[in-house]
1. Out of all the residues in region 150-167, which are in contact (Cβ under 8 Å) with a residue 24 or more places away in the chain, under 18 Å from residue 133 (Cβ atoms) and either touching a helix residue (DSSP H, G or I) at 6+ places or on another chain (Cβ under 6 Å) or among the charged types (D, E, K, R) (or both)?
2. Go through region 113-137 and give me each residue that's among the hydrophobic types (A, V, I, L, M, F, W, C), buried (at least 17 other Cβ atoms within 10 Å of the Cβ) and not in a strand (DSSP E or B).
3. Within region 152-174, identify whether any single residue is outside any loop (DSSP other than H, G, I, E, B), on the phi < 0 side of the Ramachandran plot and of a type in the set (Lys, Arg), and answer yes or no.
4. I need every pair where a residue in region 93-111 that is open to solvent by less than 40 Å² (accessible area, probe 1.4 Å) has its Cβ under 9 Å from the Cβ of a residue that is among the basic types (Lys, Arg) and not in a strand (DSSP E or B), sequence separation at least 6 or different chains.
5. Among residues belonging to region 38-66 that are touching a helix residue (DSSP H, G or I) at 6+ places or on another chain (Cβ under 8 Å) and over 17 Å from residue 158 (Cβ atoms), point out the one that is surrounded by the fewest Cβ atoms within 10 Å (Cβ to Cβ).
6. Out of the residues in region 138-149 that are touching a residue at least 24 places away in the same chain (Cβ under 8 Å) and either aliphatic (A, V, I, L, M) or part of a loop (DSSP other than H, G, I, E, B) (or both), which is surrounded by the fewest Cβ atoms within 10 Å (Cβ to Cβ)?
7. From (1) open to solvent by less than 30 Å² (accessible area, probe 1.4 Å); (2) out of contact with any Ser or Thr (no Cβ under 6 Å at 6 or more places or on another chain); (3) of a type outside the set (S, T, N, Q), pick out the condition that doesn't hold for residue 85.
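The values are calculated or read from the model by the stated rules, or taken from the named source; none is laboratory data. These figures come from a predicted structure and were not determined experimentally. Neighbour counts are summed over all protein chains in view; Cβ atoms, including those assigned to glycine, are modelled from backbone coordinates with ideal geometry. Only protein heavy atoms, including side chains, enter the accessible area calculation; ligands, DNA and RNA are left aside. Shrake-Rupley method; radii C 1.70, N 1.55, O 1.52, S 1.80 Å.
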Amino acid sequence: MRQIVAALTVVLLTCGVTYGQDESGPGFEHLKSYGPMIGTWQYDGPSLQDVPGIAKKGTKVVFEFSWKWILDKSVVEETWSFGVKGGKTFSGKGLIGWNAAEKKVTFGTMDSFGGMVLGSSVYDAETKSRTYASNGIDGDGNKISSKGVLAKVDKDTLTFQALEQTGGSVFEGPSPIYTFKRVQRTEKEAK
């Protein structure tokens, strides 16, 4: 589970930014494709695969993430959580920004599993998707890597699939496709 959560976190980190702020910093021009994905997104349903030590296939799980602009819209901050309904919850945080030296969008994450990853992503305007590649370590110090894609289906729906996952102690290969729905903000949150 750690690896799929790490993989999903990486993808999710590379996909969210908003148009809501007035001032923008130097990285904004390279990150503005994230705009339609800003906000909070949630998968609330059965685990589509066995997650050793955490959940069997079919167990009710909730995965939620949110993105917001920070640092004059030159950086996107992501916060995420994953848990079994009525059970333990894991969480993480990351940052997405423009690497001017390498001319690409890059990101870094750390999580409550003790893992960390660094990676980059590329946006495809035609398919409204973002592909990513990352390398890191899990909480036990094992090397992990992942490649995947996050696609925008409509204004309130995203899909995620890890295409490749290696290393770590839990997953190898592709993941099932997970569908995330936008969480609608209350009037109080919107203010």
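1. Residues satisfying the conditions are 150, 160, 162, 165.
2. Hit for region 113-137 is 113, nothing else.
3. yes
4. 111/2
5. 49
6. 140
7. (1)
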